[in-house]
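Enquirer: Can you keep this structure in mind? I'll have questions shortly.
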Amino acid sequence: MCGIVGYLGDNKASDIILSGLEKLEYRGYDSCGICLYNQSDQSFVTYKDKGRVEHLVHDFDYDINNHLAIGHTRWATHGKPNQTNSHPHFSLSKRFSIVHNGVIENYKELVSKFIPNTIFISETDTEVIANLIELFTETLSVDEAIRKTLSLIEGSYALLIIDTLSPNIIYAAKNKSPLLIGIRKEGITLASDLMALIGHADTYYPIEDKTFTKVEKIGNKYISEMFDIIGKPVQFVPLEMNMVLEEIGKGGYSHYMLKEICEQPSVIRKIMSKYLIEDQFTISPKITQMISAAKRIYIIAAGTSMHAGFVGKYYFENIANIPTEVFIASEFAYNMPLLVDNPLFIFISQSGETADLRTCLVNVKQLNYPTLTITNVATSTLAREADQFIEIYAGPEIAVASTKAYVGQVAILSILAYVVSSKKSFDLKLELSKVAIAMEAIIDKREYIHRLVQEKITKKSCFYIGRGLDYYTCLEAALKLKEISYIQTEGFAAGELKHGTIALIEDGIPVVAIISQKIINKNTRSNIREVLSRGANVLVISLNNVSDVTDEIVLVDVHEILSPLLTVIPTQLIAFYSALDLNKDIDKPRNLAKSVTVE
Ligand code: M6R
């Protein structure tokens with residue numbers, strides 16, 4: 001959470017920071033700020049305020065000759081989103097200016113031990129870092145003061161630090177929160193995500209945990225060096241920048257979410273092209289051996305990725321015959337269950353940066369268990385730190401509500417279970433191709449779904465009901481609707497409704513039922529009758545071969561086991577159009593951020 005960008009180079013720094021912050025706004029968008037060095041009068045200027053980057057871009061004057069700057073877009077953890085709490089923050093004398101992504105867990109202890117008399121301007125933990133550095137520079141060099149501060153702070157951080165006495169240097173440090181250094185001859189860009197480096201870097205490297213990097217102009221050259229906590233240089237191998245601007249545009253769509261929904265058939269096809277070799281799904285033998293050797297798989301994830309995990313459990317158990325359990329990452333982190341021998345831990349994460357998952361990964365690695373990450377971001381922390389990782393290839397997902405990454409995760413899970421299964425009872429390649437075509441058919445009918453939303457979905461509340469695989473889709477559908485439209489929505493196992501929740505069903509309450517499997521068709525239909533007779537306004541999504549003439553959304557038949565890839569599409573469109581008609585900020589819903597890098 002929070003996006004940070006820094007620049008030192010020949011170009012106008014404020015342009016690079018502001019366009020970078022706009023690209024990183026998905027990480028947090030309740031306030032933002034920039035601190036830049038005005039080369040003409042050799043002073044530092046700071047603009048910051050509550051609100052979006054748009055406000056920062058339009059409402060301040062950047063007609064300043066500037067080549068060094070740091071900026072921040074915030075998702076509040078300590079203190080309200082207001083101008084005072086916005087980053088950058090300063091040390092008391094204003095010598096050090098800092099932007100920070102993460103949470104310093106021991107900031108209160110550090111204040112009472114080292115700076116009990118300091119008056120803080122904001123409510124943030126970040127100001128403590130700036131003041132500690134300032135304190136330590138009374139006796140140490142700036143490099144040493146930063147290293148000493150890093151050795152004391154506990155928690156997660158990606159930091160950019162400016163010493164106003166040295167306007168040719170940016171210091172950067174990180175622990176747990178991501179931070180990348182983009183290199184180009186004419187300047188160096190620092191950012192929490194690759195997206196902000198597009199167009200400004202030929203190569204890049206991720207800063208390692210508990211190291212710090214000094215970006216400096218020496219003569220006409222821009223140099224970046226990484227050091228460990230005792231000041232020893234750390235070697236790094238620069239990686240090629242392979243992301244292009246088109247990948248992160250809206251491509252003619254009104255919203256990223258709609259674009260990403262519509263991209264899902266191509267995500268399925270891309271995944272197939274990446275993992276099919278000579279017509280056979282082929283996964284690294286290290287990964288297949290790991291899965292085959294597991295007595296039990298533990299899937300750990302959060303939010304939408306966890307819903308993909310539930311489908312994955314079904315796949316590992318029903319296709320590959322491996323018992324599998326799914327855990328909420330934030331629960332597993334501090335309540336580890338009794339494990340069997342020979343477990344395999346699979347971490348599913350679109351961003352690969354979710355802090356709750358990372359805590360679990362660290363815990364599991366300490367126990368020496370094998371770990372595999374399924375992620376959309378190959379350079380992410382979870383990809384780097386697990387024993388193995390497998391890429392989703394969904395392309396950058398910008399809307400906070402996850403759509404194409406979810407179907408990518410489910411498709412990858414189906415491939416993993418399929419490749420390790422001893423008896424292949426169906427042709428996955430053929431069936432996934434059918435899914436892509438069936439997805440297109442429903443996406444083409446999206447205006448019809450918009451009309452159904454206007455007819456059926458009210459503002460008050462909504463229920464999704466289904467059984468088996470459809471229940472997992474209901475959980476995902478409910479999360480999607482509530483997170484972007486703010487309509488209170490629950491996903492329920494259809495049979496469970498009558499054990500209490502049916503008490504909430506009254507005249508006009510929307511209930512969306514999903515039916516894709518023959519085995520549950522009859523029972524879910526009885527549950528539909530139960531809610532209908534209590535006045536619910538029912539909308540049924542079914543696969544053709546289990547459909548009824550009265551069903552509103554009938555989908556082209558696909559293999560039952562792959563139905564979650566298809567049934568989820570109309571639910572994403574229901575969420576999108578509900579939010580659109582309610583005039584909500586679809587791509588950046590309130591209180592949320594795309595990458596949840598705090599626990
Ligand atoms: O990046 P991750 O997949 O680890 O993120 C997990 C959740 O934060 C994420 O899926 C969240 O629930 C989405 N906003 C759902 O649309």
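Enquirer: With every protein chain present, what accessible area does I322 have (1.4 Å probe, heavy atoms only), rounded to the nearest 10 Å²?
Expert: We get 10 Å² for I322.
Enquirer: Another one. Quick one: dipole size for the chain, taken about the Cα centre, charges +1 on Lys/Arg Cβ and -1 on Asp/Glu Cβ, in debye to the nearest 20.
Expert: 880
Enquirer: While we're looking at this one, here's another question. Under the rule of at least 5 residues apart or a separate chain, name every residue whose amide H is placed under 5 Å from the amide H of I299.
Expert: E325, V326, F327, I346
Enquirer: Please report, in debye to the nearest 20, how large the charge dipole of region 249-425 is about its Cα centre when each Lys and Arg carries +1 at its beta carbon and each Asp and Glu carries -1 there.
Expert: So the magnitude is around 260 debye.
Enquirer: What are the ³J(HN,Hα) values, in whole Hz, obtained from phi via the Karplus relation 6.51 cos²θ - 1.76 cosθ + 1.60 with θ = phi - 60°, for each residue of region 362-376 in sequence order, with x given for Gly and Pro?
Expert: Taking θ as phi minus 60°, the curve returns 4, 4, 5, 5, 4, 8, 6, 8, x, 9, 9, 10, 10, 8, 8 Hz for region 362-376.
Enquirer: With contacts defined as alpha carbon pairs under 8 Å and 6 or more residues apart, what's the relative contact order of the chain in percent?
Expert: So the answer I get is 12 percent.
Enquirer: So what is the relative contact order for region 249-425, in percent, with contacts set as C-alpha pairs under 8 Å and at least six apart?
Expert: The normalised contact order for region 249-425 reaches 28 percent.
Enquirer: Sticking with this one: Answer with one residue from Y275, M306, G395: the one whose Cα lies farthest towards the positive end of the charge dipole of region 249-425, charges on Cβ with Lys, Arg +1 and Asp, Glu -1.
Expert: Y275
Enquirer: For region 489-506, take each phi angle, set θ = phi - 60°, evaluate the Karplus expression 6.51 cos²θ - 1.76 cosθ + 1.60, and give the result in whole Hz per residue in order, putting x for glycine and proline.
Expert: Rounded to whole hertz, the list is 9, 10, x, 10, 5, 3, x, 7, 3, 6, 8, x, 5, 4, 4, 7, 6, 9.
Enquirer: Taking the Cα centre of region 411-564 as origin, work out the dipole magnitude from +1 charges on Lys and Arg Cβ and -1 charges on Asp and Glu Cβ, in debye rounded to 20.
Expert: 200
Enquirer: Right, here's the next one. In nm, give the distance between the simple-model label positions of L92 and D444, each being 7 Å from the Cα along the Cα-to-Cβ direction.
Expert: Using points 7 Å along Cα→Cβ, the separation is 7.0 nm.
Enquirer: Give the long-range amide H neighbours of G491: residues separated by 5 or more places, or on another chain, with amide H under 5 Å away, using H modelled in the peptide plane at 1.01 Å from N.
Expert: Y464
Enquirer: Please work out the FRET efficiency for the pair L165 and N363, using the Cβ-Cβ distance as r and a Förster radius of 45 Å; give the result to the nearest 0.05.
Expert: With R0 = 45 Å, the Cβ-Cβ based efficiency is 0.60.
Enquirer: With a cap of 13 neighbouring Cβ atoms within 10 Å, and only residues DSSP puts in a loop, list the chymotrypsin sites (Phe, Trp or Tyr not before Pro) found in region 309-388.
Expert: Y334
Enquirer: Put a dot 7 Å past each Cα toward the Cβ at T139 and K429; how far apart are the dots in nm?
Expert: 6.9
Enquirer: Within region 431-526, report the chymotrypsin sites (Phe, Trp or Tyr not before Pro) that DSSP leaves as loop and that have at most 13 other Cβ atoms within 10 Å.
Expert: Numbers: sites: Y448, F463, Y464, Y471, Y472, Y486, F492; in loops: Y486.
Here no chymotrypsin sites (Phe, Trp or Tyr not before Pro) fit, given the DSSP loop and packing criteria.
Enquirer: Further question: Using only Cα atoms, find the angle between the long axis of helix 126-136 and the longest principal axis of the chain, and express it within 0 to 90 degrees, rounded to the nearest 10.
Expert: 30
Enquirer: Considering only protein heavy atoms, what per residue accessible area in square angstrom results for region 147-250 with a 1.4 angstrom probe?
Expert: 42
Enquirer: For every helix of n ≥ 4 consecutive DSSP H residues, a contribution of -39,500 (n - 2.57) applies; sum these over the chain, divide by its total residues, and give [θ] at 222 nm rounded to the nearest 500 deg cm²/dmol.
Expert: Estimated from H runs of four or more residues: -10500 deg cm²/dmol.
Enquirer: Counting only protein heavy atoms and a 1.4 Å probe, tell me what percentage of the chain's accessible area is made up of carbon and sulfur.
Expert: Summing carbon and sulfur atoms, their accessible area is 50 percent of the total for the chain.
Enquirer: For the charge dipole of region 537-586, defined by +1 on Lys and Arg C-beta atoms and -1 on Asp and Glu C-beta atoms about the Cα centroid, which residue among V558, I541, N583 has the Cα displaced farthest towards the positive pole?
Expert: Farthest towards the positive end: N583.
Enquirer: Please list log₁₀ I(q)/I(0) at q = 0.09, 0.10, 0.11, 0.17 Å⁻¹ for region 3-247, using the Debye equation with identical point scatterers on the alpha-carbon positions.
Expert: -0.33, -0.41, -0.50, -1.30
Enquirer: Right, another one. Hey, can you grab everything whose amide H is under 5 Å from the amide H of V538? Only 5+ residues off in sequence or another chain; H modelled, so Pro and N-termini drop out.
Expert: V511
Enquirer: In Å, what Rg and Dmax follow from the Cα atoms of region 1-125?
Expert: In Å, with Rg to one decimal and Dmax whole: 14.5, 43.
Enquirer: Determine, from the Cβ-Cβ distance of N220 and R451 and an R0 of 60 Å, the FRET efficiency 1/(1 + (r/R0)^6), rounded to the nearest 0.05.
Expert: Taking R0 as 60 Å, the efficiency between N220 and R451 is 0.45.
Enquirer: Probe 1.4 Å, all protein chains in place: accessible area of D444 in Å², nearest 10?
Expert: It works out to around 120 Å².
Enquirer: Could you grab the relative contact order for region 450-599? Cα pairs under 8 Å, six or more apart, rounded to a whole percent.
Expert: On the way: 252 pairs, mean separation 41.9, N = 150.
Result for region 450-599 is 28 percent.
Enquirer: With every protein chain kept in place and ligands, DNA and RNA left out, what is the accessible area per residue of region 441-570? Probe 1.4 Å, answer in Å².
Expert: About 40 Å² of surface per residue is accessible.
Enquirer: Considering the alpha-carbon set of region 202-278 alone, what are its Rg and its Dmax in angstrom?
Expert: Radius of gyration, then largest Cα-Cα span, for region 202-278: 19.8, 54 Å.
Enquirer: Once fully extended, how much extra length lies between K274 and N117, figured as 0.36 nm per residue of separation less the alpha-carbon to alpha-carbon distance?
Expert: Values: separation 157, 0.36 × 157 = 56.52 nm, distance 5.86 nm.
That works out to 50.7 nm of additional length.
Enquirer: If you plug each phi of region 445-452 into the Karplus form 6.51 cos²θ - 1.76 cosθ + 1.60 with θ = phi - 60°, what whole-Hz ³J(HN,Hα) values come out, in order, with x for Gly and Pro?
Expert: Running phi through 6.51 cos²θ - 1.76 cosθ + 1.60 with θ = phi - 60° gives 9, 5, 5, 5, 5, 4, 5, 4 Hz.
Enquirer: For helix 428-444, report the angle its Cα long axis makes with the longest principal axis of the Cα atoms of the chain; keep it between 0 and 90° and round to the nearest 10°.
Expert: 80
Enquirer: Taking the Cα atoms of the chain alone, what are Rg (to one decimal) and Dmax (as a whole number) in Å?
Expert: Answer for the chain, Rg first and Dmax second: 25.3, 81 Å.
Enquirer: Against the longest principal axis of the chain, how steep is helix 404-420, in degrees 0 to 90 to the nearest 10, with axes from Cα atoms?
Expert: Rounded to the nearest ten degrees, it is 70.
Enquirer: Please report the projected area of region 406-447's Cα convex hull averaged over all directions, in nm². Walk me through the intermediate numbers first.
Expert: Numbers: hull surface 13.2 nm².
Result: a mean projected hull area of 3.3 nm².
The values are calculated or read from the model by the stated rules, or taken from the named source; none is laboratory data. Small disclaimer: the values here were computed from a predicted structure and weren't measured. Heads up, the Cβs are rebuilt from the backbone with ideal geometry, glycines too, and the neighbour counts pull from every protein chain shown. These accessible areas exclude ligands, DNA and RNA; they are computed on the full protein's heavy atoms, side chains included. Shrake-Rupley method; radii C 1.70, N 1.55, O 1.52, S 1.80 Å.
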